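These notes concern the structure reproduced below.
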Amino acid sequence: MPEIERPPPSRSSPGVRALSWVEGSLVVLDQRQLPGAIVRRTLGHLAEVAEAIRTLTVRGAPTLGVAAAYGMVLGQRADGLGVDEAAGILRGTRPTAHDLFVGIAEVERVWRAGQDTLSAAAAYERRVVEECHAIGEVGAPLVGPGARVLTHCNAGALATVAWGTALAPIRVAFLSGRDPFVWVDETRPLLQGSRLTAWELQQEGIRHAVIADNAAGYFLGRGEVDLVIVGADRITRSGDFANKVGTYEKAVLARENGVPFYVAAPWSTFDETLRRGDEIPVEERSGEEVRNFAGIATAPEGSPVRNPAFDLTPHRFVRGFITPDGVLAPEELEGHLRARTRPLL
Ligand code: MRU
């Protein structure tokens, strides 16, 4: 497997970097190619950023927000678009991740005020990375020596530019010498767990095992999971949340087996305007993602398919939200969101 060139992890080296702004373009690591190949793509136009978002070349809620923020910059500087057109194209890419809309709005505000959009996008990127690092420090005490953590999808550095959300506490625990172990759900249909999370963990020497999605209940039932940590794409003020499809059943199984279930997210993932999970728009993707994988048929051609990319988990299954400000119980969330001074959108 190709190795990525970078120094060994330390508190200042938070895993791989999902994207960076280089000389007027957005350079992204092509997440569709991992773990087989490390391919970087240089995106010089807003349409290319929008396409990269739609195709999951870049993915994961916080990374989507940062990519979209830089997409706005390209729309202004390289394409000469108006602010409404640029924001409209990017808003139409993927509906569920709240971060995407926050990233667009941050740059839109500055653009309308006639200020420097590139500085705004760079500041937004820095904030996302800082918040994810803070999530790591806040959540690491939950990961005791040798703790066995189950996670779903990829909520690592690839999904957040650096550090991760669900993986950040695991990284910080690892860097503190607590030797965590991670159960990695493979995450059908696009395998973000086995392709991306396992790759990130392997790069850094963090112990893990990939399991088929439908094996999680077996290991939870045998008492081999100490806690579950997942990321989120959108969290309402009640704490109901959307994350990669398959999260809901893991939450129910965790409750059934008395295993604490945590959700880690930066503030850009919280949508104060919504109260209930069923108000969250859930993306439904092409049936081809289920009917085929890597060119191999996984269902008969022409079989009807439903392919929701996310599911909705009620807040009653959540022990706590690992946020940059601390671990909050679902009932503490709304008050905390109200008390925060920084606007979220
Ligand atoms: O469809 P994806 O791969 O963008 O879905 C990603 C997830 O569901 C992640 O768990 C979520 O965005 C949290 S990332 C920190």
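The values are calculated or read from the model by the stated rules, or taken from the named source; none is laboratory data. Bear in mind that the values here come from a model prediction, so they are computed numbers and not experimental data. With ideal geometry, Cβ positions are generated from the backbone for all residues, glycine too; neighbour counts draw on all protein chains shown. SASA here: full protein model, heavy atoms, side chains in, ligands and nucleic acids out. Shrake-Rupley method; radii C 1.70, N 1.55, O 1.52, S 1.80 Å.
Where both residues lie in the range 140-339, what percent of DSSP beta bridges are antiparallel, nearest 5? Write down the numbers at each step before the final one.
On the way: 12 of 31 bridges.
Around 40 percent antiparallel, to the nearest 5.
With everything on Cα atoms, drop me the angle between helix 330-339 and the longest principal axis of the chain, reported from 0 to 90° to the nearest 10. Approximately 30 degrees, to the nearest ten.
Taking the Cα centre of the chain as origin and charging only Cβ (+1 Lys, Arg; -1 Asp, Glu), how large is the dipole, in debye to the nearest 20?
In total the dipole reaches around 340 debye.
Its Cα centre serving as origin, the range 140-339 has a Cβ charge dipole (Lys and Arg +1, Asp and Glu -1) of approximately 320 debye. Once you have a ≥ b ≥ c as the square roots of the Cα gyration tensor eigenvalues for the range 229-320, tell me rounded if a/c is under 1.5, and otherwise prolate or oblate according to whether a/b is larger than b/c. Prolate, because a/c is 1.5 or more and a/b exceeds b/c.
What is the antiparallel percent of DSSP beta bridges lying wholly in the chain, to the nearest 5?
Here the share of antiparallel DSSP bridges comes out near 50 percent.
For the range 130-232, a/c is not less than 1.5, where a ≥ b ≥ c are the root eigenvalues of the C-alpha gyration tensor, and a/b does not top b/c. That puts it in the oblate class. Taking label positions 7 Å along the Cα-Cβ direction at both residue 77 and residue 329, the computed distance is 4.8 nm, reported to one decimal. Secondary-structure-derived ellipticity at 222 nm for the chain, considering helices only, amounts to -10500 deg cm²/dmol, per-run term -39500 (n - 2.57) for DSSP H runs with n ≥ 4. Rolling a 1.4 Å probe over the protein heavy atoms of the range 295-345, with every protein chain left in place, gives an accessible area that is 53 percent carbon and sulfur.
Taking the Cα centre of the range 99-197 as origin, sum charge times position over the Cβ atoms of Lys and Arg (+1) and Asp and Glu (-1), and report the length of that vector in debye to the nearest 20. The partial results should precede the final answer.
Numbers: 9 positive and 11 negative charges, 37 e Å.
Here the range 99-197 has a charge dipole of around 180 debye.
From the square roots a ≥ b ≥ c of the eigenvalues of the alpha-carbon gyration tensor of the chain, which class results: rounded (a/c under 1.5), prolate (a/b over b/c), or oblate? Rounded, because the longest to shortest axis ratio a/c is under 1.5.
Over the range 3-131, with every protein chain in place, what whole percent of the accessible area is carbon and sulfur at 1.4 Å, could you tell me?
Values: 2540 of 5110 Å².
Answer for the range 3-131 is 50 percent, counting heavy atoms of protein chains only.
Residues of the range 174-195 falling in the label zone of residue 209, defined by backbone nitrogen less than 15 Å from a point 7 Å along Cα to beta-carbon, are 181-186. Pairs of Cα atoms nearer than 8 Å and 6+ residues apart set the relative contact order; for the chain it is 16 percent.
Annotation: per residue accessible area for the chain equals 39 Å², rounded to a whole number [probe 1.4 Å, protein chains only].
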